[in-house]
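> After the structure tokens below, expect a handful of questions from me.
The values are calculated or read from the model by the stated rules, or taken from the named source; none is laboratory data. Quick caveat, the model's predicted, so the values are computed rather than measured. Every residue, glycine as well, gets a Cβ built from its backbone with ideal geometry; the counts of neighbours run over all protein chains shown.
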Amino acid sequence: GEPGRTIRAKTRKGLRFQVGGRWVTKKQVKVKIPARPFLGLSEEDMQEIKATVEDFIERSE
């Protein structure tokens, strides 16, 4: 996750979105991006990566 990131409008019109049924226009907004633990690496993933790297190194020598 990320504690805070600012999104800025690319045009003069700004960013437009709905909040509570009302349309709002802003030049920039700060958003919090939540952590995504499902994108992590499992122990099995780590073993496969290690084996791939070792194989690559052996073929390079």
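> Is it true that residue 22 is in contact with a Ser or Thr (Cβ under 6 Å, 6 or more places away or on another chain), modelled with pLDDT of 90 or more and of a type outside the set (Asp, Glu)? Full working, then the answer.
Details: in contact with a Ser or Thr (Cβ under 6 Å, 6 or more places away or on another chain): no; modelled with pLDDT of 90 or more: yes; of a type outside the set (Asp, Glu): yes.
It is false that residue 22 is in contact with a Ser or Thr (Cβ under 6 Å, 6 or more places away or on another chain), modelled with pLDDT of 90 or more and of a type outside the set (Asp, Glu).
> Being farther than 30 Å from residue 4 by Cα and among the polar types (S, T, N, Q) is the filter here, so list the residues in segment 34-61 that pass it.
Across segment 34-61, the qualifying residues are 47, 52, 60.
> Sticking with this structure for a sec: Residues that are under 22 Å from the mean Cα position of the chain (by Cα) and surrounded by 10 or more Cβ atoms within 10 Å (Cβ to Cβ): which strands (runs of 3 or more DSSP E) entirely in the chain hold 1 or more of them? Please lay out each step first, then the result.
Details: elements: 2-8, 15-19, 22-26, 28-33.
Because the criterion is at least 1 residues that are under 22 Å from the mean Cα position of the chain (by Cα) and surrounded by 10 or more Cβ atoms within 10 Å (Cβ to Cβ), the strands (runs of 3 or more DSSP E) in the chain that meet it are 2-8, 15-19, 28-33.
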